[in-house]
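Comments concern the structure below.
What follows draws every value from the coordinates through simple rules; no lab data is involved. Quantities reported herein were computed from a predicted structural model and do not represent experimental measurements. In this analysis, Cβ positions are derived from the backbone assuming ideal geometry, glycine residues included, and neighbour counts consider all displayed protein chains.
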Amino acid sequence: GQSLEQPSEVTAVEGAIVQINCTYQTSGFYGLSWYQQHDGGAPTFLSYNGLDGLEETGRFSSFLSRSDSYGYLLLQELQMKDSASYFCAVTDTGRRALTFGSGTRLQVQP
Amino acid sequence: EAGVAQSPRYKIIEKRQSVAFWCNPISGHATLYWYQQILGQGPKLLIQFQNNGVVDDSQLPKDRFSAERLKGVDSTLKIQPAKLEDSAVYLCASSLRRGGKETQYFGPGTRLLVL
């Protein structure tokens, strides 16, 4: 089976940097994705790591260490609109569907 | 490019009634997924289609849930009979794989409340 762990809540102030960690257990790991979901909204894709290292997309970066079964999402220059839930999700080699973590609720304060 | 469309957006039913949800994926996306998201949790896969064939339905409660994807485009998910614990958001997603990376695009979801 697959399991993922991420913190349930994180609070930060506008302009700050926040890191959301994700550890996973899976057989046949293929990749780690991050999705953002605002209250009442649909999950939207943020970033994907198939190989070790850092992927950068604007203010968001994601990191993966396959040997440690660990990844993180880094959000820089936080804005109020970044207040949302962030999910890590793994894809295994056998199937393309995502297995999601339980999500980290990020609250950005002024 | 139009996104994933779902309807209805909201549905309230009583337990033991039946309900159906509809999804139209992004044009050209061969893979379609149905997820169930219970409040405070991450989405959980119910069923995955590749064109009009089922790839994975291992987590679909087949005694009450059914899904089909006719002609490899639109899909419907049905619950019959509904239970209280089926109250959740039902998300449809479609995906495209490019260069080994797969990105899933989610629809707005259908919020189901079972009373």
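Partner shielding of B:80-93 amounts to 1, given as the average count of beta-carbon atoms from other chains within 10 Å of each residue beta-carbon.
Counting only C-alpha contacts under 8 Å and six or more residues apart, can you give the relative contact order of chain B as a whole percent? Taking the mean separation of contacting Cα pairs over the length of chain B, I get 36 percent. Listed values for segment A:82-90 are Karplus-derived 3J(HN,Hα) couplings in whole Hz (6.51 cos²θ - 1.76 cosθ + 1.60, θ = phi - 60°), namely 7, 4, 5, 9, 10, 10, 8, 8, 10, and x replaces Gly and Pro.
With the simple spin-label model, which puts each label point 7 Å out from Cα in the Cβ direction, the A:Asp39 to A:Gln109 separation comes to 1.7 nm. Counts of other chain beta carbons within 10 angstrom of each beta carbon in peptide B:102-114 average 3. Projecting the Cα atoms of A:Val13, A:Phe29, A:Leu106 onto the charge dipole of chain A, computed from C-beta unit charges around the Cα centre, puts A:Phe29 farthest toward the positive end.
Positive end of the dipole of chain B (Cβ unit charges, origin at the Cα centre): among B:Leu70, B:Gly109, B:Ile13, the Cα lying farthest that way belongs to B:Ile13. Per residue of peptide B:33-42, the mean number of Cβ atoms on other chains within 10 Å of the residue Cβ is 4. Packing around the peptides A:66-75, A:26-35, A:94-103, A:4-13, taken as the average count of other Cβ atoms within 10 Å per residue, puts them in this order, highest first: A:94-103, A:26-35, A:66-75, A:4-13. Taking the Cα centroid of segment A:47-73 and of segment B:73-115, what is the distance between the two, rounded to the nearest whole Å? Comparing the Cα centres of segment A:47-73 and segment B:73-115, I get a distance of 27 Å. Here each label is just a point 7 Å from Cα along the line to Cβ, and for B:Arg9 and A:Arg59 those points are 2.6 nm apart. Within the protein assembly as shown, no Cys is without another Cys Cβ under 4.7 Å of its Cβ, so every one has a disulfide-compatible partner by this rule.
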